[in-house]
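This report refers to the structure that appears directly beneath it.
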Amino acid sequence: MALDDDIRILSGVPLFDGFAPEQLRLLAFGAERVALEAGDTLFSQGERAAGAFILVSGALALSREEDGVERPAGRVARPGALLGELALIVETARPTHARAEQTSVLLRLDRKAFRRILEEYPELAVRLHGRLSRQLVELAREVERLAPRFSE
């Protein structure tokens with residue numbers, strides 16, 4: 001696929017809303033294509049995450065291992081899904097397993113390259129900080145709303 005195709009894919013990811021074309025071009029230039037066959041593992045739960053993935057085509061099943069039993073993590077990733085966005089910003093571990101349900105293609109985005117873009121364009125870092133802060137507040141509200149269901 002051409003660089004322009006990768007830019008188009010990146011422009012459809014909500015995390016990159018507001019990125020200028022030249023910023024998306026830099027991001028696309030540093031991206032790596034990953035091809036998987038059905039049944040291939042993209043990553044395993046607990047594995048160190050050095051970046052994120054965008055599903056270009058195919059489908060990925062996400063699962064979580066608990067008490068030695070692997071269970072579906074509640075969803076199947078479809079094209080356009082961003083997996084591991086937090087890993088673009090901080091070092092973290094994968095919270096799930098991800099396996100290809102069918103032949104799949106992904107774009108791998110490296111944390112180091114992403115951080116270089118944020119350093120070069122600090123206004124993006126400010127915008128991203130605001131967006132992630134709002135998401136964290138929304139998550140805290142949702143946890144607070146659900147908490148009574150789990151208390152005794």
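The values are calculated or read from the model by the stated rules, or taken from the named source; none is laboratory data. This is a predicted model, so every value here is computed, not measured. A quick note on method: Cβ atoms are made from the backbone with ideal geometry, for glycine too, and the neighbour counts reach across all protein chains shown. In case anyone asks, the SASA skips ligands and DNA or RNA and just uses the protein heavy atoms, side chains included. Shrake-Rupley method; radii C 1.70, N 1.55, O 1.52, S 1.80 Å.
Observations on the model:
- Overall form of the range 69-122 per C-alpha gyration tensor (a/c, 1.5; a/b vs b/c): prolate
- If R0 is 35 Å, the Cβ-Cβ spacing of Glu70 and Glu123 corresponds to a FRET efficiency of close to 0.25.
- With all protein chains kept in place, the per residue accessible area of the chain amounts to 60 square angstrom at a probe of 1.4 angstrom.
- Protection proxy ranking of 35-41, 105-111, 80-86, 69-75 - average other beta-carbon atoms within 10 Å, highest first: 105-111, 80-86, 35-41, 69-75
- Check: the range 1-122 dipole with +1 on Lys, Arg Cβ and -1 on Asp, Glu Cβ, in debye: 60 debye
- Within the listed set Arg115, Arg134, Arg99, the residue fluctuating most in the Gaussian network model of the chain (springs between alpha-carbon atoms under 10 angstrom) is Arg134.
- Carbon-plus-sulfur accessible fraction, the range 35-152 (probe radius 1.4 Å, protein heavy atoms only): 52%.
- Gyration tensor analysis over the Cα atoms of the range 23-64 returns equivalent ellipsoid semi-axes of 22, 14, 9 Å (largest first, whole Å).
- The relative contact order of the chain comes to 28 percent, based on Cα pairs under 8 Å that sit 6 or more residues apart.
- For the chain, convex hull of alpha carbons as volume per residue, Å³: 120 Å³
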